[in-house]
1. So what is the relative contact order of segment 113-162, in percent, for Cα pairs below 8 Å that sit 6 or more residues apart?
2. For segment 70-212, build the charge dipole from Cβ charges (+1 Lys, Arg; -1 Asp, Glu) around the Cα centre, then report which of Gln108, Gly201, Leu185 sits farthest towards its positive end.
3. If one computes the Cα centroid of segment 187-202 and of segment 104-125, what distance in Å separates the two points?
4. List the residues, sorted by chain then number, that are 5 or more residues from Gly119 or on another chain and whose placed amide H is less than 5 Å from its amide H.
5. 7 Å from Cα along Cα→Cβ at both Lys54 and Glu187: what's the point-to-point distance in nm?
6. Ignoring everything except DSSP H segments at least 4 long, calculate the 222 nm mean residue ellipticity for the chain; use -39,500 (n - 2.57) per segment, divide by total residues, nearest 500.
7. Using Cα positions and a limit of under 20 Å, work out the lysines in reach of Lys180, with same-chain residues fewer than 8 apart set aside.
8. Rounded to whole Å and sorted largest first, what semi-axes of the equivalent ellipsoid does the C-alpha gyration tensor of the chain yield via the square root of 5 times each eigenvalue?
Amino acid sequence: MEIKVLKDILSANDQIAQENRQLLDSNGVFTVNVMSSPGAGKTSLILETIRRLKGAVQIGVIEGDISSSIDAETIGKEGVPVIQINTGGECHLDASMTYRALSNLPLQDIELLFIENVGNLICTAEFAIGAHKNLVISSTPEGFDKPLKYPLMFTVADIVLINKIDLLPHVNFDTDAYKKTVKNLNESVEIFEVSCTTGQGIDRWLSWLQNQLRNR
Ligand code: MG
Ligand code: ZN
């Protein structure tokens, strides 16, 4: 019984996610769902991307958080449209929360939309929200075993960023082992190594993004 209820919830969610996708497509908005554990660098990556693409690409942001609006305030200072979703304790965004946020954004003025999901490697992967690409960020201090522990997250990922590579000399992170595990789960995923602190590797991420925007 419980299994059936869960299936119904998930398929209703998928339906709304599809409608979100149509809304985004009809406005020409390329959308990235940004997922990671807390503190891996979702907000830092979005900020760094906004700073580098300012003037070239019109960016909007949806910030998902359980209760605070700290990240939305930080992003808002960059002068881009940002909508905060407080999930009210829910540990993931779903398609209808996302729809409400989309309805409050000037979509016709946005080319690239980041949706910062709640910091959580588990159920955020289970709920489609209508984004074109799923981005998963791992940071080197978290250790390299996360793809083994949370395989679904890496299975739904289109692109994986290893963040905080400037800390590699100080932490136990085996980059090759990590990449191998991710590729075993998901052969087609692209993996980039970056540091939002030093800027290392960010150019490659930006050129991936700009390529996606061109082929929108
Ligand atoms: Mg954040
Ligand atoms: Zn959840």
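1. Details: 41 pairs, mean separation 22.1, N = 50.
In percent, rounded to a whole number, it is 44.
2. Leu185
3. 19
4. Amide H neighbours of Gly119, under 5 Å, 5+ apart: none.
5. 4.3
6. On the way: 8 runs with 86 residues, N = 216.
That comes out to -12000 deg cm²/dmol.
7. Lys146, Lys149, Lys164
8. Details: eigenvalues 126, 99, 52 Å².
Its equivalent ellipsoid spans semi-axes of 25, 22, 16 Å.
The numbers here are math on the coordinates, done by the rules we state, and not lab data. Here the structure is a predicted model, which is why all the values come from computation and not from measurement. In this analysis, Cβ positions are derived from the backbone assuming ideal geometry, glycine residues included, and neighbour counts consider all displayed protein chains.
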